[in-house]
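Q: Sharing a structure, written as structure tokens. Questions coming.
Since every read-out is calculated from the coordinates, none of them should be taken as a lab result. On a predicted model such as this, the values are computed, not experimentally measured, just so you know. Here the Cβ is made from the backbone with ideal geometry for all residues, glycine too, and neighbour counts use every protein chain on show.
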Amino acid sequence: MQSQLDSALKEAADAAGQIRTRAELEALKARLVGPNGSLTLVMRGMATLSKEERPAAGKMVNAAKAQLDEILATVSARVEQAELAALLGPTIDPSLASPDVASGSLHPLTRTRERILATFRKLGFVIAEGPEVETEWHCFDALNTPADHPARDMQDTFYLPKSFRSIDALRKGDEDLLLRTHTSSVQVRTMLSRKPPLRIVAPGRCFRRDAVDATHSANFHQVEGLWVDRHVTLADLRGVLDFFVKETFGPEAETRLRPSFFPFTEPSFEMDIRSPNLGRLSDRWLEVLGCGLVDPKVLESCGLDATEWSGLAFGLGLERIAMLVHGIDDIRHFYANDLRFLRQFA
Ligand code: PHE
């Protein structure tokens, strides 16, 4: 009997290697355990055995069945995999690089912003942020900008309709909400929420009702800087801005402060730069940012004692800097999503 079992198992093991399909597997099963299968016949033969012989025979049959089950399970798993592979089509090697996925790259404005922030980080400035939808108070009043200042005019500023205001959590009383015209509002928010000494740079989107042309966009970006401490002076302002300009435009770049006016700084300046690295613009002074010492009235609006604290502030246009660094002649390129333009900065 053992030899009959062995030959049935051998038959199964030999056939197993050849089997490719489910039909072949079923045929093999029938040959072994079907009504006339070789194993079935052996089991039927047990009926002719004596009572004493049966337990030992039963053990042998069970052991053989267990081995057979194992063989069939292996074949079945292989057949299943083959069926799945046929369903999925040709084999895929996921470790190969895809031929058609081009990797993206950072937008030139993002790159310029990151470079500028990294420069100021070297001087101990940390990043601060404020909302794009701002209250009139943070954008103008706290910055000593009077009600009749032209920046507050409907012609310059996007005010938000009452319906929007009523659902906005920022609403304070009946105050007007607007899209911030500059990042200087972050100066106010920072001085209200942190104790000096402080040094922050605040990058962000700004909005003005400018007619769009090669150098104007209704939507643009600024980086604001604010340093409040005891005895901050014009020398600090010059030092900080000079460092920024040399890091951005090269060590040969020169800076010049030209007297100007902003309601929130006193004195106020426009800073011009001149650098041999600027191609056809190398020979002239170019205006790049507004700056000054924080007006004491602004410090007081933010609850700081102006006899103890002093500050410097500056605000630069991100697009302007990126255009100068890369020799870009039209601000609209930044927003047109033309890959031929964007890929040049990849
Ligand atoms: N907020 C000014 C502007 O948008 C720039 C500025 C910032 C000037 C800080 C002085 C100090 O033009």
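Q: Quick one: if the Förster radius is 25 Å, what FRET efficiency do Glu53 and Glu26 give, using the C-beta to C-beta distance and rounding to 0.05?
A: Numbers: r = 33 Å, r/R0 = 1.33.
The value I calculate is 0.15.
Q: Same structure, new question: Can you find, among Thr110, Leu25, Ala147, the residue sitting farthest towards the positive end of the charge dipole of the chain, where Lys and Arg contribute +1 and Asp and Glu -1 at Cβ?
A: Leu25
Q: Can you give the angle from 0 to 90° between the axis of helix 2-16 and the longest principal axis of the chain, with both taken from C-alpha atoms, to the nearest 10?
A: The angle comes out at about 40 degrees.
Q: So, counting K/R as plus one and D/E as minus one, what does the shell of residues with Cβ under 12 Å around Arg256 add up to?
A: Values: positive: Arg238, Arg258, Arg274, Arg284; negative: Asp242, Glu254, Glu270, Asp272, Glu287.
Neighbourhood net charge equals -1.
Q: If you don't mind, another one. When a/c reaches 1.5 or more, the comparison of a/b and b/c decides; with that in mind, is the range 108-345 rounded, prolate or oblate per its Cα gyration tensor? Don't skip to the answer; put the middle values down first.
A: Details: a/c = 1.83, a/b = 1.17, b/c = 1.56.
Cα axes put the range 108-345 in the oblate bin.
Q: Another question about this same structure. For the pairs Lys195/Lys246; Lys246/Lys297; Lys122/Lys246; Lys29/Lys59, flag any whose C-alpha to C-alpha distance is greater than 25 Å.
A: On the way: Lys195/Lys246 30 Å; Lys246/Lys297 32 Å; Lys122/Lys246 13 Å; Lys29/Lys59 21 Å.
Cα-Cα > 25 Å for Lys195/Lys246; Lys246/Lys297; rest within.
Q: Give the residue list of GluC sites (Glu not before Pro) in the range 210-260 that are DSSP loop and have at most 16 other beta-carbon atoms within 10 angstrom. The partial results should precede the final answer.
A: Details: sites: Glu224, Glu247, Glu252, Glu254; in loops: Glu252.
Here the sparse-neighbourhood loop sites are Glu252.
Q: Please list, in order along the range 81-87, the HN-Hα scalar couplings obtained from phi with the Karplus expression 6.51 cos²θ - 1.76 cosθ + 1.60 (θ = phi - 60°), rounded to whole Hz, x for Gly and Pro.
A: 4, 4, 5, 5, 4, 5, 5
Q: Enter the angle in degrees (range 0 to 90, nearest 10) between the Cα long axis of helix 108-121 and the first principal axis of the Cα atoms of the chain, meaning the one along which they spread out most.
A: 70 degrees
Q: Which net charge results for the neighbourhood of Ala85, defined as the other residues with beta-carbon distances under 13 angstrom from its beta-carbon, given Lys and Arg at +1 and Asp and Glu at -1?
A: On the way: positive: Arg20, Arg78; negative: Glu80, Glu83.
Combined, the nearby Lys, Arg, Asp and Glu give 0.
Q: Only Cα pairs under 8 Å and at least 6 apart count here; give the relative contact order of the range 2-88 as a rounded whole percent. Walk me through the intermediate numbers first.
A: Working: 48 pairs, mean separation 36.8, N = 87.
Value for the range 2-88: 42 percent.
Q: Among Gln155, Gln187, Gln222, determine the one that fluctuates most according to a GNM of the chain built with springs between C-alpha atoms less than 10 Å apart.
A: Comparing Gln155, Gln187, Gln222 in the GNM, the peak value goes to Gln155.
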